[in-house]
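S.K.: This is the structure, below, for whatever I ask next.
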Amino acid sequence: MLADCHMHTYLCGHAIGEPADYVRAAASRGIDLITFTCHVPMSDEDSFSGEGIRMRYDDLPRYRDLVAEARAVGEGEGVEVLYGIEGEYFPEESRLTEQWQLLEQESFDFVLCSLHHQLPCFREWLYRLGSAEAIAAAYFGLVAQAAKTGKYDSIAHPDLIRIYNTIPPFAPETQEKAIREMLAVVAESNTCLEVNTSGLSKQIYELHPAPAILAWAAEAGVKLTLGSDSHCQEQVGQHFPEVLDLLSQLGFEKLHYYRGRKRFDYAISAS
Ligand SMILES: [Zn+2]
Ligand SMILES: [Zn+2]
């Protein structure tokens, strides 16, 4: 069993290809289950939207249909296709009301949570904190806060603050205290962390979260989901074999996925 629980559709404006081709790519790479998790629509245009960031609210029915079409293709290919969404967390929760209503109304299988600090509104909020160290620590605090809301199933790329230059690059070890505190909260909160393999293809060429953080996560008993964050069919399952090896070396025995917002697990079989 192998699942890729993070991928996009062209509705967000920065992913390409037909969803059905993502399904065929999964089949060719021995992946049994995929979950589409396109970027959640948000009508707060000034802060979260703009050209090529996320689908519009009125794209949702189209998104539902695209995933249903992909599911039909998956039936022929031996790949189960699930319907998820990549949600957002933001320090001012009052600005998330509309999104949280949507998460309750729509019958998603899986809800990821992203803290996209590179969004101008998020950066503005973080920069008020002063030093880069303070910003990094606050970011991990916000990851914990997001997990505590209970609104999301897994926190996507939980050390994303290490890229996109909101602050200068830093080694996870310099934030060990804040990161371990976050991991303890996540482990308690019944929320997973995502191992996101897209980092291996961009900027720092490292996993999200970094291997050091994963080692601490293993100690804290954190549960994991696995996702490629594909924005094109070539990225489906990217870097999975090496990452599965690493996870077993770190002592993880299981990975998780969600269907109907319920968690399931499967054994990691290293290559
Ligand atoms: Zn994207
Ligand atoms: Zn994504």
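S.K.: Quick one: what pairs do we get from region 94-113, first residue more than 19 Å from Val67 (Cβ to Cβ), second in a helix (DSSP H, G or I) and more than 16 Å from ligand 1 (Cβ to nearest atom), C-beta under 8 Å, 6+ apart or different chains?
M.R.: What qualifies is Arg95/Ser47; Cys113/Ala146; Cys113/Ala147.
S.K.: To continue, here is another question. Being away from ligand 2 (no atom under 16 Å from the Cβ), under 18 Å from Lys254 (Cα atoms) and touching a helix residue (DSSP H, G or I) at 6+ places or on another chain (Cβ under 7 Å) is the filter here, so list the residues in region 190-211 that pass it.
M.R.: Hits for region 190-211 are Thr191, Pro211.
S.K.: Among the polar types (S, T, N, Q) and under 21 Å from Cys12 (Cβ atoms), is that true of Gln233?
M.R.: So Gln233 fits the description; yes.
S.K.: Something else: Would you tally the residues in region 31-62 being within 15 Å of ligand 2 (Cβ to nearest atom) and either without any contact (Cβ under 8 Å) to a residue 12 or more places away in the chain or under 18 Å from the mean Cα position of the chain (by Cα) (or both)?
M.R.: 13
S.K.: Continuing with this model, one more query. Here are Val111, Val67, Val73: which of them is more than 22 Å from Arg24 (Cα to Cα) and among the hydrophobic types (A, V, I, L, M, F, W, C)?
M.R.: Residue meeting the stated conditions: Val111.
S.K.: Please enumerate the residues belonging to region 127-141 that are of a type in the set (A, V, I, L, M) and buried (at least 21 other Cβ atoms within 10 Å of the Cβ).
M.R.: Matches in region 127-141: Ala136 only.
S.K.: Give me a count of the residues in region 112-157 that are at pLDDT below 95 and of a type in the set (S, T, N, Q).
M.R.: 1
S.K.: OK, next. Go through region 215-271 and tell me which strands (runs of 3 or more DSSP E), entirely inside it, have 3 or more residues that are farther than 16 Å from His157 by Cβ.
M.R.: It comes to 254-259, 262-267.
S.K.: Still on this structure, please answer the following. Of all residues in region 152-178, count the ones that are in a loop (DSSP other than H, G, I, E, B) and either more than 19 Å from the chain's Cα centre (by Cα) or surrounded by fewer than 21 Cβ atoms within 10 Å (Cβ to Cβ) (or both).
M.R.: 9
S.K.: Restricting the search to region 10-55, which residues are surrounded by fewer than 24 Cβ atoms within 10 Å (Cβ to Cβ), hydroxyl-bearing (Ser, Thr, Tyr) and within 16 Å of ligand 1 (Cβ to nearest atom)?
M.R.: Once the filter is applied, which keeps residues that are surrounded by fewer than 24 Cβ atoms within 10 Å (Cβ to Cβ), hydroxyl-bearing (Ser, Thr, Tyr) and within 16 Å of ligand 1 (Cβ to nearest atom), region 10-55 yields Tyr10, Ser49.
S.K.: If the Cβ limit is 7 Å and pairs must be 6+ apart or interchain, which residue in region 1-30 that is over 18 Å from Ser198 (Cβ atoms) pairs with which residue that is away from ligand 1 (no atom under 14 Å from the Cβ) and in a loop (DSSP other than H, G, I, E, B)?
M.R.: So the pair list comes out as Met1/Asp32; Val23/Val79; Ala27/Gly78; Ala27/Val79; Gly30/Leu2.
S.K.: Identify the residue in region 79-115 that is surrounded by 13 or more Cβ atoms within 10 Å (Cβ to Cβ) and among the small types (Gly, Ala, Ser) and, among all such residues, is nearest to ligand 2 (Cβ to nearest atom).
M.R.: Residue satisfying both the conditions and the ranking: Ser114.
The values are calculated or read from the model by the stated rules, or taken from the named source; none is laboratory data. Treat the numbers as computed from the prediction; the structure is a model and nothing was measured. Reconstructed Cβ throughout: ideal geometry from the backbone, glycine too, with neighbour counts over all protein chains shown.
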